[in-house]
1. Restricting the search to the range 161-176, which residues are surrounded by fewer than 22 Cβ atoms within 10 Å (Cβ to Cβ) and within 14 Å of residue 223 (Cβ to Cβ)?
2. Condition first: under 17 Å from residue 213 (Cα atoms), under 14 Å from the mean Cα position of the chain (by Cα) and at pLDDT 95 or above. Can you find one or more residues in the range 120-128 that meet it?
3. In this structure, does residue 64 turn out to be in contact with a helix residue (DSSP H, G or I) (Cβ under 9 Å, 6 or more places away or on another chain), farther than 18 Å from residue 189 by Cα, at pLDDT below 95 and surrounded by fewer than 14 Cβ atoms within 10 Å (Cβ to Cβ)?
4. Just wondering, is there one or more residues in the range 131-153 that are without any contact (Cβ under 8 Å) to a residue 60 or more places away in the chain and at positive phi?
5. Please work out if residue 117 is in a helix (DSSP H, G or I), within 19 Å of the chain's Cα centre (by Cα) and modelled with pLDDT under 90.
6. From (1) assigned to a helix (DSSP H, G or I); (2) farther than 30 Å from residue 75 by Cβ, pick out the condition that doesn't hold for residue 238.
7. So residue 34 passes all but one of these: (1) in contact (Cβ under 8 Å) with a residue 12 or more places away in the chain; (2) surrounded by fewer than 23 Cβ atoms within 10 Å (Cβ to Cβ); (3) at positive phi. Which condition number does it fail?
8. Output the residue which, of all residues in the range 125-160 that are out of contact with any helix residue (DSSP H, G or I) (no Cβ under 8 Å at 6 or more places or on another chain) and in a loop (DSSP other than H, G, I, E, B), is surrounded by the most Cβ atoms within 10 Å (Cβ to Cβ).
């Protein structure tokens, strides 16, 4: 696990600086949820964008199930760590959309977890449409806010909440927490630091109304436990006992997401039949 967070911050911001200089992009766009991943992504990108004169556009996009505390945290992150922030409520549009695209919606049990997941995916993809259109309008790019733990668990929506440029994609969730604490400790603006720390201490949730917390969906008590189990599994994938754990079972079930899209190789398509 990482210990030198000062070096991590330097590397992330140096790479983003070079990417923006070479690409000629005029803006970066990200959805701000009130959770730690989007908060630390905004905090990392903000000084780079400010220095280069690139707009950092943040949007808190609510759709029915977002809680007041999440919205309040997102507003503060947007206030302190973006150059252009707005709150957008897509609830009315989503309710119209679900009637058009969710088959037999009147017959669905809205308390059913599998149906909640389906609607959660639609919500994530609705937000994606908004964010990508905003990036197109502003000659920009969408920042990804995913981390490595959630990548391995498939804790994201295909064609939904995945962006174009990931600063923290290869950091464990526990490292994201530590990075955030380190960043906050270095900030002169203590109100901004508090806004970031409030995201660290908040109950992690995807805002999609599926469960009360991310950990409830994952099947673990803490992200420290989740990361320890995943690291142990990667070190020894043949450990049959470890493979029974709900965390590893989720990883195995979500493998298709990390291999998306699955395309037949040209060699497979053109090979001669075996007699």
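The values are calculated or read from the model by the stated rules, or taken from the named source; none is laboratory data. Please read these numbers as outputs of a predicted model, since none were measured by experiment. Cβ sites come from the backbone with ideal geometry, for glycine too, and all protein chains shown count toward neighbours.
1. Within the range 161-176, 174, 175 meet the criteria.
2. No.
3. Numbers: in contact with a helix residue (DSSP H, G or I) (Cβ under 9 Å, 6 or more places away or on another chain): yes; farther than 18 Å from residue 189 by Cα: yes; at pLDDT below 95: yes; surrounded by fewer than 14 Cβ atoms within 10 Å (Cβ to Cβ): no.
So residue 64 fails the test.
4. No, the range 131-153 has no match at all.
5. Numbers: in a helix (DSSP H, G or I): yes; within 19 Å of the chain's Cα centre (by Cα): yes; modelled with pLDDT under 90: yes.
The answer is yes for residue 117.
6. (1)
7. Of (1) in contact (Cβ under 8 Å) with a residue 12 or more places away in the chain; (2) surrounded by fewer than 23 Cβ atoms within 10 Å (Cβ to Cβ); (3) at positive phi, only one is false for residue 34: (2).
8. Selected residue: 138.
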